[in-house]
């Protein structure tokens, strides 16, 4: 969709107008990147009397597939029924039949994935209470989606299919919200079929049944959330931890033969070309591998993670409400009182420490001085930290 400039009317502003609805126009502020089936834009409302609030707008990509159009309409229909404090709300579908626009709630805050990167930059971990609280809040939002009924009282069997750190927003007021149901599966009347579609969602956060292209239910989303939970607690993705343990075992065997050591194929090193390998590893995931990846956790948290990450869906928590309650009980019983205000304080402290770490001058090591570089190179000579 082409945006138009209105510099001839100062009262309407000089930003490009993405959409004009008469009494209000939506001015383009910046792109927020790609969502499912379209580009996300941050827009600001402008009235004749002055400025209004912010709205996120999803518009179809310039190369439009008919499927994308139908999926955007479907997202609007489904999103209009998802009303929960832990889900970013869809406001309305507008625009024209040729160029539809989806208006979405703007949440002022940061993606959970960005906070995890800030923690790494600051050289610290997010607190256990943070991990439990955020996971519990997302689980409540998922339970609402999974429990959604149609007008006839029948289950819509909604499955988000793309629960990732970048799909979870932590607001500046301490809210935790799940966003973008554009890739969701449901029994919404008139929806187009996407069974067996492996293009939807980040496969790195997919469940074993997702990797096997099986029919999904809400327990698949809970497994994905479990992957996020484990990463918050340990700093590692499940497959990364499994690969490292397997590499250590192989390394010990090789050292016994005098052949040296091996490095495991960490998740960060996986490229799109290795998606098939990643899916294979997830299909072959065993309970023993999960237990090995969670063994560093304390005695009460480990069984929670082992259950939510159980390879067989029948062995997992049955609902998001059940998982949320277990985590709330854990925080209470361990004496950790944690809520929105504590979340805001921790994020504020983390942001400050990350900025301070960024401003501190880094002293090159002796070996890096000899190489003429300011920092050691990571695996594969990428220059990134390992």
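The values are calculated or read from the model by the stated rules, or taken from the named source; none is laboratory data. Keep in mind it's a predicted model, so treat the numbers as computed, not measured. So basically every Cβ, Gly included, is an ideal-geometry build from the backbone, and we count neighbours across all protein chains shown.
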**Complete:** When segment 12-63 is checked residue by residue, the ones that are in a loop (DSSP other than H, G, I, E, B), over 19 Å from the mean Cα position of the chain (by Cα) and within 30 Å of residue 185 (Cβ to Cβ) are 60, 61, 62, 63
**Message:** Tally up the residues in segment 231-263 that are over 16 Å from residue 278 (Cβ atoms) and modelled with pLDDT of 90 or more, please.
**Reply:** 4
**Request:** Could you grab me the full set of residues in segment 326-350 that are buried (at least 16 other Cβ atoms within 10 Å of the Cβ), in a helix (DSSP H, G or I) and in contact (Cβ under 8 Å) with a residue 24 or more places away in the chain?
**Result:** 327, 328, 330, 331, 342, 343, 344, 346, 347, 350
**Message:** Looking at residue 104 and the list (1) modelled with pLDDT of 95 or more; (2) under 29 Å from residue 274 (Cα atoms), which single condition is not satisfied?
**Reply:** (2)
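A quick yes/no check of all residues on (1) in contact (Cβ under 8 Å) with a residue 24 or more places away in the chain; (2) buried (at least 18 other Cβ atoms within 10 Å of the Cβ); (3) in contact with a strand residue (DSSP E or B) (Cβ under 8 Å, 6 or more places away or on another chain); (4) not assigned by TED's automatic domain parsing to the domain that holds residue 37:
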site	(1), (2), (3), (4)
88	yes, yes, yes, no
97	no, no, no, no
121	yes, no, no, yes
150	yes, no, no, yes
160	yes, yes, yes, yes
178	yes, yes, yes, yes
182	yes, yes, yes, yes
201	yes, yes, no, yes
